[in-house]
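Here is the structure we will look at.
What follows is calculated from the coordinates using simple rules that are stated; it is not laboratory data. This one's a predicted model, so the numbers in the text were calculated from it and none came from an experiment. Neighbour counts run over all protein chains shown; Cβ positions are idealised from the backbone, glycine included.
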Amino acid sequence: MTSQPRIALIHATPISMESIRSAFETRWPGVETVNILEDSLAVDRAKTADLTSDMIRRIEALASYARSIGSDAVLFTCSAFGQAIEQAAAKLDVPVLKPNEAMFQMAIRRGGRTAMLYTFPPSREGMEQEFRDEAARMGQAATITSYFVPGAIEAVRAGDVETHNRLIAAEAAKLKDFDAIVLAQFSMARARDAVKAATNIPVSTSPDAAVAKLRVLLGADQPA
């Protein structure tokens with residue numbers, strides 16, 4: 001029997017864990033995933049406008065630990081640490097994915113205008129820059145416009161998934177003249193079906209896109 005690859009999932013908040021678990025269960029059942037939770041990162045990131053050198057060091061240490069336990073790939077699930085994850089990736093010999101890179105690539109391939117709904121304010125600026133950088137790398141004239149969904153992350157942290165999903169879907173219903181909608185946080189993936197019911201614009205989530213990309217990177221699927 002051929003062994004399955006081991007994928008380390010590094011979380012800065014527990015609310016991201018269910019969404020990525022569900023995505024793997026649906027799209028890659030049987031693959032070995034291990035969870036590494038360091039939730040002081042999200043607490044500290046919410047207190048500062050920019051990534052600090054200490055946060056970058058901590059992200060690199062987590063990635064290094066993930067590799068030391070035999071992981072064949074590493075996926076970070078918190079969207080507010082893009083620059084730090086890039087630096088960590090440069091030091092490892094296995095794929096290290098930022099939370100949203102696969103989702104952004106999917107949206108950029110559609111071209112035109114992308115709307116990003118987000119619930120964690122510290123993530124917005126870095127994610128917009130990641131999108132622009134990825135569009136430039138891919139040679140695509142794609143643009144991104146962000147929309148904050150107030151109250152949604154507080155609802156899901158309190159266990160009120162219904163309110164979380166309703167708030168996000170209501171914001172999505174207002175969007176017009178976009179070619180794609182992306183849900184910025186991993187924790188927002190639980191609102192995917194509600195958002196799709198509220199709009200005719202194609203909707204992408206980070207967990208689903210990340211699993212699809214990992215399947216290609218680790219040889220389970222051929223590139224599209």
> Excluding same-chain residues fewer than 8 positions from Lys213, which aspartates and glutamates have a Cα within less than 20 Å of its Cα?
Replying inline: Glu18, Glu25, Glu32, Asp72, Glu86, Asp93, Glu101, Glu130, Asp133, Glu134, Asp221
> Looking only at Ser53, Ser71, Ser187, which one moves most when the chain is put into a Gaussian network model with springs between Cα atoms under 10 Å?
Replying inline: Ser53
> Would you list Met106, Met138, Met127 from fewest to most Cβ contacts within 10 Å?
Replying inline: Met138, Met106, Met127
>> Which log10 I(q)/I(0) values does the chain give at q = 0.11 Å⁻¹ under the Debye formula, counting every alpha carbon as one identical point scatterer?
In response: -0.51
>> Show me, for region 141-156, the HN-Hα J-couplings you get by feeding each phi into the Karplus relation (A = 6.51, B = -1.76, C = 1.60, θ = phi - 60°), rounded to Hz, glycine and proline as x.
In response: 8, 10, 10, 10, 10, 9, 9, 7, 10, x, x, 6, 5, 5, 5, 5
> Hey, what do the phi angles of region 25-35 turn into as Karplus ³J(HN,Hα) couplings, whole Hz, using 6.51/-1.76/1.60 and θ = phi - 60°, x for Gly and Pro?
Replying inline: 4, 7, 9, 8, x, x, 5, 8, 10, 10, 9
>> I need Asp50, Asp93 ordered by Cβ neighbour count within 10 Å, fewest first.
In response: Asp93, Asp50
> Using θ = phi - 60° and the Karplus form 6.51 cos²θ - 1.76 cosθ + 1.60, what ³J(HN,Hα) does each residue of region 122-136 get, whole Hz, x for Gly and Pro?
Replying inline: x, 7, 4, 4, x, 5, 4, 5, 4, 4, 5, 5, 5, 4, 5
> When a footprinting reagent is the concern and you count Cβ atoms within 10 Å, what order do Asp133, Asp177, Asp72 take, fewest first?
Replying inline: Asp177, Asp133, Asp72
> Considering region 101-205, what Rg and Dmax in Å follow from its alpha-carbon atoms?
Replying inline: 13.1, 42
